[in-house]
Each structure stands twice: as structure tokens, then as C-alpha cells.
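Any read-out appearing in this document is the output of simple, stated calculations on the displayed coordinates, not a laboratory observation. As the structure is a prediction and not an experimental result, all values here were calculated from the model. Here the Cβ is made from the backbone with ideal geometry for all residues, glycine too, and neighbour counts use every protein chain on show.
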Amino acid sequence: ELPFGKQMQLDFGQYRCRSGLKLFIFAAVLSASRYKHVIFQDHPFRTTEVIDHLLSCFDYFGGVPEELVIDQDRLMVVSENAGDIIYTDDFKYFIEEQDIRMYVCRADDPETKGKIENLIKYKI
């Protein structure tokens, strides 16, 4: 198990309400404590909103984790070339500013982020 403050996992989901409204889900979980932070919105995420939601998480949790685990989502990652990750400009600036180490999962490998994958399934 990871020590406190070490890692936060991030994922996104979607849910269609009975009314037909489609909700977009941002979910984060701290790996050690399993504390969770979930945000719902009625439109697809933009990179700037993801960054704002991450800052909200850091405020809610009381600090910035050492490592952030993410998928290769187009909001944060432009491409991957033999393990070299190219981030979007906004997200690259954000992680440098926050001094966060990144762990970007291989494409189509949900097991790497098991804690957060289960949260998304539970919330929807």
C-alpha cells in the first residue's frame, strides 16, 4: 500500500439521467486513504475545467499529492511515443507549476487505476 500523500488517481465518466440529461463526471481518489472527490457537470470537460477541478481536489484534500495517475485522455495528453508523454500545453504548465509527478496509464489498461475505476462504476 502507498503512503499518505503519495498518489491520487483521476478518471472521468458519463451518466444519462432518466430525464435524458447527460452528466459528465470528474472523480479523484487518494490511494492511501481512499478519500474521494467527485464533480458532476452538464457539458463535456475542457482542459481548463480539469485543472480547476484538480485545484478544487487539492483544496478539499488539504494538499497536493506527489503523483497523479491518469489515462491518456485528450484533455491532458496529446500523444505517447515509446513511453514519452506529450501533454497539452495547459496541462504541462499546470503539472510543472504544481510540481506533480505523473503516471500515465497505457492505453486500454484500466487495471492500473483500479481504485478510481471502481469509484466511477459505483457513482454511475
| If you plug each phi of the range 36-53 into the Karplus form 6.51 cos²θ - 1.76 cosθ + 1.60 with θ = phi - 60°, what whole-Hz ³J(HN,Hα) values come out, in order, with x for Gly and Pro? | 10, 9, 10, 10, 10, 8, 9, 8, x, 6, 10, 4, 5, 5, 4, 4, 4, 5
| field | Answer label, with log10 I(q)/I(0) by the Debye sum over Cα atoms at q = 0.09, 0.23 Å⁻¹ calculated from the coordinates and candidates (i) -0.21, -1.57; (ii) -0.64, -1.22; (iii) -0.24, -1.59 | value | (iii)
| message | Apply the Karplus curve 6.51 cos²θ - 1.76 cosθ + 1.60, θ = phi - 60°, to the phi angles in the range 20-28 and return the couplings in whole Hz, x for Gly and Pro. | response | x, 5, 9, 9, 10, 10, 10, 9, 9
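Residues with beta-carbon under 12 Å from that of E96, excluding E96: net charge, scoring Lys, Arg +1 and Asp, Glu -1?
Values: positive: K92, R101; negative: D89, D90, E97, D99.
With Lys, Arg at +1 and Asp, Glu at -1, the net is -2.
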| remark: GNM on the chain, Cα springs under 10 Å; top mean-square fluctuation among C105, C57, C17 goes to C17
| query | For the chain, what number of Lys pairs, 8 or more residues apart or on separate chains, have alpha-carbon atoms under 22 Å from each other? | reply | 15
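What ranking, highest mean first, results for peptides 60-71, 26-37 when packing means the other Cβ atoms within 10 Å averaged over each residue? Before the final figure, lay out each step's value.
Values: 60-71: 17.1, 26-37: 18.7.
So the order, starting with the most tightly packed, is 26-37, 60-71.
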| request: Among DSSP beta bridges whose residues both lie in the range 7-123, state the antiparallel percentage, nearest 5. | output: 75 percent
